[in-house]
């Protein structure tokens with residue numbers, strides 16, 4: 001059936017082409033998201049990939065699967081975009097004017113955005129070379145670590161250890177050698193292993209343990225109860241807010257941050273999910289108003305029965321999660 005559809009697509013049947021590529025659309029989106037660290041950029045890369053596939057369908061010799069061929073195109077589209085991308089400016093924040101404590105660190109990731117769980121594909125069978133479980137491979141911690149890698153190392157690690165392609169297949173995709181792929185993978189592994197979170201595994205998504213921890217977080221956050229909130233955190237918790245480079249590492253630093261934030265502010269939270277993790281639209285509750293105004297998206301990393309990271313994103317990501325800019329509170 002696929003062979004027949006490809007033959008029809010080659011003579012200009014757009015509907016046949018869409019039928020061929022549709023099963024891989026979400027998987028390609030997530031692949032490009034891992035490469036780019038941004039959902040809008042990933043969507044652009046997928047569109048460029050499908051355009052290139054349509055224009056070069058005659059070059060598909062069917063020696064590899066459609067899935068492999070599309071991943072090859074998508075990876076090289078992303079690599080080309082990353083080579084030509086202008087460096088995004090770092091957002092500057094005056095912490096004293098914003099009534100925030102001095103950060104403990106400045107972030108090294110200038111651009112990162114979350115992806116809604118609603119856009120994630122159903123689990124797909126990865127090849128035998130895959131090292132990372134699919135849940136871990138879409139987590140914010142993993143996607144953040146990927147952005148530290150040089151673009152080619154990033155591509156090699158994703159193709160080999162997330163998608164499970166063999167070294168020879170990856171070499172063919174990248175027009176390289178097996179030796180260069182293995183060398184890039186070794187360097188990428190070392191970098192990611194040095195940043196890999198430690199501690200207990202997170203509770204299963206939607207499990208009773210996850211719900212219990214999330215409910216305690218929501219109650220503490222909405223009531224401005226800093227003591228209760230800090231009691232939920234790991235000792236090495238990290239608070240980040242890309243693209244703002246300010247970071248607060250450690251329970252004491254995060255406590256100081258929230259004591260400053262909650263001194264004159266209260267928030268309402270609306271639950272959603274991002275990167276396979278609990279997330280919330282935060283809405284600032286003004287004392288004299290019955291309307292809450294969007295104040296960013298908060299995503300939690302869980303470790304065992306505690307919260308190991310809190311990441312806050314700007315308002316511009318909220319529409320992708322179906323979250324309004326304001327709501328009654």
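The values are calculated or read from the model by the stated rules, or taken from the named source; none is laboratory data. Note that this is a predicted model, so its numbers are computed, not measured. Here the Cβ positions follow ideal geometry from the backbone for every residue, glycine too, while neighbour counts run over all protein chains shown.
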*Within the stretch 54-70, which residues are under 18 Å from residue 18 (Cβ atoms) and either touching a residue at least 60 places away in the same chain (Cβ under 8 Å) or outside any loop (DSSP other than H, G, I, E, B) (or both)?*
54, 55, 57, 58, 66, 67, 69, 70
_Looking at 212, 204 in this structure, which one is without any contact (Cβ under 8 Å) to a residue 24 or more places away in the chain, exposed (fewer than 14 other Cβ atoms within 10 Å of the Cβ) and in contact with a helix residue (DSSP H, G or I) (Cβ under 8 Å, 6 or more places away or on another chain)?_
204
*Mind listing whichever residues of the stretch 229-254 are surrounded by 18 or more Cβ atoms within 10 Å (Cβ to Cβ), over 18 Å from residue 93 (Cα atoms) and touching a strand residue (DSSP E or B) at 6+ places or on another chain (Cβ under 8 Å)?*
232, 233, 234, 237, 238
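For every residue, the table says whether it meets (1) assigned by TED's automatic domain parsing to the domain that holds residue 303; (2) within 24 Å of residue 238 (Cβ to Cβ); (3) in contact with a helix residue (DSSP H, G or I) (Cβ under 6 Å, 6 or more places away or on another chain); (4) modelled with pLDDT under 95.
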residue	(1), (2), (3), (4)
171	no, no, yes, no
177	no, no, yes, no
186	no, no, no, no
200	no, yes, no, yes
*Quick one: in the stretch 26-56, of everything that is in contact with a helix residue (DSSP H, G or I) (Cβ under 7 Å, 6 or more places away or on another chain) and more than 28 Å from residue 108 (Cβ to Cβ), which residue is surrounded by the most Cβ atoms within 10 Å (Cβ to Cβ)?*
49
*Got at least one residue in the stretch 268-275 being within 24 Å of residue 106 (Cβ to Cβ) and either in the same structural domain as residue 136 (by TED's automatic domain parsing) or surrounded by 21 or more Cβ atoms within 10 Å (Cβ to Cβ) (or both)?*
yes
*Which numbered condition residue 313 misses (of (1) touching a helix residue (DSSP H, G or I) at 6+ places or on another chain (Cβ under 8 Å); (2) at pLDDT 95 or above)*: (1)
*Given (1) under 26 Å from residue 243 (Cβ atoms); (2) outside any helix (DSSP H, G or I), index of the condition residue 164 fails*: (1)
*asked:* Which pairs turn up if I take residues in the stretch 244-264 that are in the same structural domain as residue 221 (by TED's automatic domain parsing) and farther than 12 Å from residue 310 by Cβ and look for partners that are at pLDDT 95 or above and in a loop (DSSP other than H, G, I, E, B) with beta carbon separation below 7 Å, at least 6 apart in sequence or on another chain?
replied: 262/224
